[in-house]
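Structure record follows, encoded as structure tokens.
The values are calculated or read from the model by the stated rules, or taken from the named source; none is laboratory data. Not measured: the values here are computed from a predicted model. With ideal geometry, Cβ positions are generated from the backbone for all residues, glycine too; neighbour counts draw on all protein chains shown. The protein model used for the area step is the full one, side chains on, heavy atoms only, and it has no ligands, DNA or RNA in it. Shrake-Rupley method; radii C 1.70, N 1.55, O 1.52, S 1.80 Å.
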Amino acid sequence: MEPFVTAFANSPDRGRGLARDMAVRWALEEVGQPHAVHRLTFAELKAPEHLARHPFGQIPTYEQNGLVLFESAAIVLHIAERHGGLLPAEAQARARAITWLFAAVATVEPPIVERSMALLLEADKPWHAERLAMLNARVAARLAQLAHHLGEKTWLDGAFSAADLVMVAVLRRLSGSGLLDAHAPLAAYVARGEQRPAFVRAFAAQQAVAQRNA
Ligand code: GTB
């Protein structure tokens, strides 16, 4: 049975592919796994049927042959472990790739999400400008560390892996912020991810829906 993934019926990003189903759909495209996408309204996210899939009532989820998963990075890892091409075969390189996948969501993403939430929910607060400056500094510090590791490398550790896929998906949330501009190699790294044919296919699929619903 082909897997199905859940996504927003109407993503607030209006087709920019910033919601977390994008990484899952990109991973499925990378490994050539056909899949279905079930689009859910916000009300459906909180309904019992979806809460049975996702305890926090969010997207994305992944379902195949009775296995139901949530957490986008865990889903990407699951896909990478079951298909060739997204994780190195050699044990130590594989462990390093999984480490970077965790680093993307556990170390790089939190300040980026915090900043997005501040922009979305706190823009009217009297302390917003001060807080935003602090969050920008936190994001910039992480980016500098990441850029230092990346150097002039094409990908984080050898060949493109699930870690790069998740890291690029995380960094894309900074598009339009100007924060990536301080690190040309990091901006080029994101662009390389976005140029991969699998990314282009996944992006076009979610954009087609956004445009239909606009
Ligand atoms: N850690 C979880 C994962 O990685 O899967 C987080 C899942 C999550 O945050 N899901 C969000 C969701 O379902 C959508 S992706 N939210 C609804 C809710 O909680 O009720 C976050 C997101 C949403 C919108 C944009 N955007 O419009 O730019 C970007 C990212």
> Quick one: length gained pulling residue 181 to residue 14 fully straight, 0.36 nm per residue minus the C-alpha distance?
Replying inline: 57.8 nm
>> Can you give the log10 of the normalised intensity I(q)/I(0) at q = 0.17, 0.21 Å⁻¹, computed with Debye over equal Cα scatterers of region 91-194?
In response: -0.75, -1.07
> Between residue 211 and residue 102, what length comes free when the chain is fully extended (0.36 nm per residue of separation minus the Cα-Cα distance, one decimal in nm)?
Replying inline: 36.0 nm
> Can you give the calculated 222 nm mean residue ellipticity of the chain, where each DSSP H run of n ≥ 4 adds -39,500 (n - 2.57) and the sum is split over every residue, rounded to the nearest 500 deg cm²/dmol?
Replying inline: -17000 deg cm²/dmol
>> Quick check: net charge around residue 192, other residues with Cβ under 15 Å of its Cβ, Lys/Arg +1 and Asp/Glu -1?
In response: -2
>> Quick check on the chain: what are the equivalent-ellipsoid semi-axes from the Cα gyration tensor, as sqrt(5λ), descending, whole Å?
In response: 26, 24, 15
>> So the label point goes 7 Å from the Cα of residue 94 along Cα→C-beta, right? Which residues of region 21-53 then have their backbone N under 18 Å from it?
In response: 31
>> Just want to confirm a number: the relative contact order over region 91-194, from Cα pairs under 8 angstrom separated by 6+ residues, in percent.
In response: 38
>> Counting only protein heavy atoms and a 1.4 Å probe, tell me what percentage of region 95-179's accessible area is made up of carbon and sulfur.
In response: 61
> Which net charge results when you count Lys and Arg as +1 and Asp and Glu as -1 among the other residues whose beta-carbon is under 12 Å from that of residue 70?
Replying inline: -1
>> What number results when the radius of gyration of region 59-151, computed over Cα atoms, is divided by 2.2 N^0.38 Å?
In response: 1.41
> Percent relative contact order of region 12-72, based on C-alpha pairs within less than 8 angstrom and at least six residues apart?
Replying inline: 29
> Hey, rough spin-label estimate for residue 67 and residue 44, points 7 angstrom out along Cα→Cβ, what's it come to in nanometres?
Replying inline: 2.4
>> Rounded to the nearest 5, what % of DSSP beta bridges with both residues in the chain are antiparallel?
In response: 55
> So if R0 is 22 Å, what FRET efficiency would residue 195 and residue 4 give, r being the distance between their Cβ atoms, rounded to the nearest 0.05?
Replying inline: 0.20
> Tally Lys and Arg at +1 and Asp and Glu at -1 over the other residues with C-beta under 15 Å from the C-beta of residue 158: what net charge comes out?
Replying inline: 0
> What accessible area per residue, rounded to a whole number of Å², is obtained for region 97-214 using a probe radius of 1.4 Å?
Replying inline: 50
> If packing is taken as the mean number of other Cβ atoms within 10 Å per residue, what is the order of 61-67, 162-168, 109-115, highest first?
Replying inline: 162-168, 109-115, 61-67
